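Below: the structure, in structure tokens.
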Amino acid sequence: MFTGSLLAAVLFPTAGARAQIDPRPLPVVRVGVVVDWTKGGDPELQGIANGNQTLELIRQEIAALTGDEFDVRFPDDKLLGGSWIMADMRAALDQLLADPEVDLVLTIGVFSSALGCQTPDLPKPLVATAVIDADLQGLPFERGTTSVHNLNYVTIPQSVVRDLRRFHELVGFSKVHILHDPLAPVFFPNLYPYAQDAVTDLGAVTIPVPMRDTDTASSALALLPADAEAVYLPPLPRMSHGEYAKLIAGLRSRRLPSFALAGRQDVLKGVLAGVAPESNLLRLARRVALNVQRILLGEDAGTLPVILEQPEHLVINMDTARAIGWYPNWRVLTEAERIETESTLGLRKFSLGDAVMEAIARNLGLQAVDRGVAAGAEEVKRARSVLLPQLDVAISGIRVDKDRARTSFGNLSQDTVTGSSTLSQILYSDEARGNLTVQHRLQDARGYDRESVRLDVALKASVGFLNVLRAQTLDRVEEENLRLTESNLELARRRQALGVSGPADVYRWESQLAADRRDVIAANRRVDAVIAAFNRSLNLPLEQRFIVVEPQLDDPELRSGRGTLRSYVDNSRSFEIFRNFMVQEGVENAPELMAFDAAIAAQERELVIARRSFWSPELSLFGEFAHDIDESGVGSGDAPLPFGLRRPNETDWSVGIIASLPLFEGGARNARLSQAIEELAQLRKERQAAAETVELRVRTALYRVATSSPAIDLNRESAAAADRNLELVTDQYSQGVVSIIDLLDAQRNALVTEQLAANSVYDFLLDLMDLQRSSANFDFFLSDDQRRAWYERLDAFFKESQKEPAPSGR
């Protein structure tokens, strides 16, 4: 009907040309459509639902693409249903092909598409839109086209042979049941021997299981024997989506491995595995529309491309794998895309702030320091207790010899039981009072040390969190690179099949594939390692899984985030002022310096104690009370004493004040004084060095942040350019313009730049966390009022430094 582009140009001029030459209406093109099903059939059936959606998208895409050139119509009376019957489909095709009012025929559905491709001597163009496994059907294919006049089909690469062999590689079945629509062997008469040939050399057999037209999921499952090992699923267009979901669930409950010809789209529904890429109906519709346009413009349908290229790779549903008790080996895991949904249900989500606060609450190191601070508080109480009254009670039993008791004149009994109590109170002691002050300052130091540890824990948790994100991102980059290598390997194989290149390229890509799989394994294990390290910092089970939430670079919650920093580092003067401000903040807030200040205050009091020890006495009050509870033996009783002496009563008491001052201790006080002076000098020097370290750390962190922030955009630009270059080189390689070395170099460059782009984000965030640790002021610990106060201090510092408003941008 359309014999050449010249004829098409004459008959159907473009819109711009028509406007100048002929204002006639657009040429009308009527498209006839044959569908597998009965018009008005159940839209819940998979074949009808997908077919209706496909047809509507094709209509839209054809109208959008050809609307300026043709008036393409889809008359309702030219849409014929096949009623799921071969004879009806054949009649519908013959009717449209013979209809002079129909200019082009489309088939929607796997069965009508198969029948259309088998039609000889087509009198008008026919485009079959749903062809599965062209090899199975023995469809014409020559250098990417049908090379058959008026025949074009569109197919996504699918292969029963490939699927069955890959399925066997995964689960090692000795027999596999093929659960299929009863129409499959009618339209694909070669299906059974074709499938068996795929696994014969593997020592396995295929067992076809034709379903009945009315089969539900439960009746279909009943067709599978109890000793079934594995199930292969071609498309089941006459089963509803709901019943198909029940069928998949039934296979899982019976712990039967499953593999779908439809590939990824069925794996997402719960099938164990598949290889074919997910069907992209919009892309399919656009390819059909493009082919239709080229046909209308005069090209022969038999010269148009039939393969809708999409990257394909093994996809495994890990939820189903766990449900049926099957676990892929490492090699399979490296090359497969893993679908996991159920495994993430109930997992805890961590944001960066969540991770830090959880670490503060659970970290064992910080808990140990808390115990040390609590123990220090008791040391303060001990120092205070010396200044409080001291009360002792005692009871004693004494026996003396008889002679001594006899000659004591009643002062001693041979056996005496005495109860006593002693009360003392320090009235003045510079050493005791000074020690209490010292212990207070040392306890302050312990608190500041605890704050330092808390900040370190926050930094460690944030670094661990970001390392998990980095490892997971780089793991995805490595897996995407592996997918790309697989795609390039398939491209090399197709080039070899077409005679464009020899086997050398295939061997080189197979070598690269092995190397990339090794890199993916290493990346997977790095993820496991950093997760264990992160869990360790949070005192969680080391292999506990969780979901991490990606932080936003311009998060307003990050005071010193990327958006804020840009305002203060856009010129050297502003950056200098900002550095000085951050140093001032860091020095004022650093708990390490506060701990030194407290230790210095304690040591200064120690020095005062040492100096006063030469002249300051200790003054204390004491009192003692004793009572003889029982007396017996010689010397006791009421016997009169000689010389008119009177027997003392049973109670004694005494009170007194003691003032003491050591006069000579062998030089110990001089040594103590000298030691206190030297230790104080040591602390002051250490504090000075620590302040310099804090300043250096803040400035260094700022330099790194100022470097890593712009590196994000630069690395992203580099990665985008590398991706565009890879796309260009890949296209040139497919056409034989460049060599495999050029493509390998482009792919490697794309991988490296993608890794750099991913790393740059986390490098910046890690530098930002280090800056916040250096300035001792993590955003996670600040209230809104504290944030506002920080900005006010920053603005005031800028105004003071340059006598003009601070840069805007927060």
**Study point:** Yes/no for residue 762 being modelled with pLDDT under 85, crowded, with 16+ Cβ neighbours inside 10 Å, assigned to a helix (DSSP H, G or I) and not basic (Lys, Arg)
**Key:** no
Revision key, fill the gap. When the stretch 214-258 is checked residue by residue, the ones that are open to solvent by 20 Å² or more (accessible area, probe 1.4 Å), polar (S, T, N, Q) and under 37 Å from the mean Cα position of the chain (by Cα) are 240, 253
Review point. Which of the residues spanning the stretch 691-730 are under 11 Å from residue 760 (Cα atoms), in contact with a helix residue (DSSP H, G or I) (Cβ under 7 Å, 6 or more places away or on another chain) and among the hydroxyl-bearing types (Ser, Thr, Tyr)?
Key: 708, 709
Exercise for review: Determine whether residue 177 is farther than 18 Å from residue 275 by Cβ and at pLDDT 95 or above.
Suggested key: yes
Check your understanding: Would the stretch 210-221 turn up any residue that is aliphatic (A, V, I, L, M), assigned to a loop (DSSP other than H, G, I, E, B) and touching a Phe, Trp or Tyr at 6+ places or on another chain (Cβ under 9 Å)?
Key -> no
Study note, to complete from the structure: The residue that is nearest to residue 589 (Cα to Cα), considering only those in the stretch 654-705 that are open to solvent by less than 50 Å² (accessible area, probe 1.4 Å) and in contact with a strand residue (DSSP E or B) (Cβ under 7 Å, 6 or more places away or on another chain), is 656
Study note, to complete from the structure: Filter the stretch 85-115 for residues that are touching an Asp or Glu at 6+ places or on another chain (Cβ under 6 Å) and not hydroxyl-bearing (Ser, Thr, Tyr); the one that is nearest to residue 286 (Cα to Cα) is 109
Check your understanding: What about residue 261, is it touching a residue at least 12 places away in the same chain (Cβ under 8 Å) and either over 22 Å from residue 339 (Cα atoms) or open to solvent by less than 20 Å² (accessible area, probe 1.4 Å) (or both)?
Key -> yes
Practice item. Among the residues of the stretch 160-219, write down those that are polar (S, T, N, Q) and either closer than 22 Å to residue 138 by Cα or touching a His at 6+ places or on another chain (Cβ under 9 Å) (or both). Key: 190, 196, 200, 206
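So for the stretch 273-292 (the condition being under 30 Å from residue 466 (Cα atoms) and open to solvent by less than 20 Å² (accessible area, probe 1.4 Å)), does at least one residue qualify? Please lay out each step first, then the result.
Kept after step one, since they are under 30 Å from residue 466 (Cα atoms), are these residues of the stretch 273-292: none.
No, the stretch 273-292 contains no residue that is under 30 Å from residue 466 (Cα atoms) and open to solvent by less than 20 Å² (accessible area, probe 1.4 Å).
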Check your understanding: Is it the case that residue 711 is touching a Ser or Thr at 6+ places or on another chain (Cβ under 7 Å), under 29 Å from residue 477 (Cβ atoms) and open to solvent by less than 70 Å² (accessible area, probe 1.4 Å)?
Key -> yes
**Study point:** Filter pass, residue 464 being open to solvent by 20 Å² or more (accessible area, probe 1.4 Å), assigned to a helix (DSSP H, G or I), under 30 Å from residue 780 (Cα atoms) and of a type in the set (Gly, Ala, Ser)
**Key:** no
Review point. Residues in the stretch 605-618: is at least one at pLDDT 90 or above, of a type in the set (Lys, Arg), out of contact with any Gly (no Cβ under 6 Å at 6 or more places or on another chain) and loosely packed, with under 15 Cβ neighbours inside 10 Å?
Key: yes
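Being open to solvent by less than 20 Å² (accessible area, probe 1.4 Å) and polar (S, T, N, Q) is the filter; apply it to the stretch 42-56 and report the residue that is farthest from residue 247 (Cα to Cα).
Pass one, the stretch 42-56, residues open to solvent by less than 20 Å² (accessible area, probe 1.4 Å): 46-48, 51, 54-55.
Then keep just the ones that are polar (S, T, N, Q); that gives 46, 54.
On the way: 46: 13, 54: 24 Å.
Top of the filtered list is 54.
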Practice item. Of the numbered conditions (1) of a type outside the set (Phe, Trp, Tyr); (2) open to solvent by 50 Å² or more (accessible area, probe 1.4 Å); (3) in a helix (DSSP H, G or I); (4) without any contact (Cβ under 8 Å) to a residue 40 or more places away in the chain, residue 489 fails exactly one; give the number of that condition. Key: (2)
Point to revise | Single residue of 776, 796, 789 found to be open to solvent by 30 Å² or more (accessible area, probe 1.4 Å), modelled with pLDDT of 85 or more, among the aliphatic types (A, V, I, L, M) and over 12 Å from residue 581 (Cβ atoms) | key: 789
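Listed here are the residues, each with its yes/no results for (1) more than 17 Å from the chain's Cα centre (by Cα); (2) surrounded by 13 or more Cβ atoms within 10 Å (Cβ to Cβ); (3) assigned to a helix (DSSP H, G or I).
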{"site": "499", "(1), (2), (3)": "yes, no, no"}
{"site": "506", "(1), (2), (3)": "yes, yes, yes"}
{"site": "511", "(1), (2), (3)": "yes, no, yes"}
{"site": "516", "(1), (2), (3)": "yes, yes, yes"}
{"site": "519", "(1), (2), (3)": "yes, yes, yes"}
{"site": "523", "(1), (2), (3)": "no, yes, yes"}
{"site": "535", "(1), (2), (3)": "no, yes, yes"}
{"site": "541", "(1), (2), (3)": "yes, no, no"}
{"site": "551", "(1), (2), (3)": "no, yes, no"}
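The values are calculated or read from the model by the stated rules, or taken from the named source; none is laboratory data. Since the model is a prediction, treat every value here as computed from it, not as a measurement. We place every Cβ from the backbone using ideal geometry, glycine too, and count neighbours over all the protein chains shown. Note: accessible area is taken over every heavy atom of the protein model, side chains too, but ligands, DNA and RNA are not part of it. Shrake-Rupley method; radii C 1.70, N 1.55, O 1.52, S 1.80 Å.
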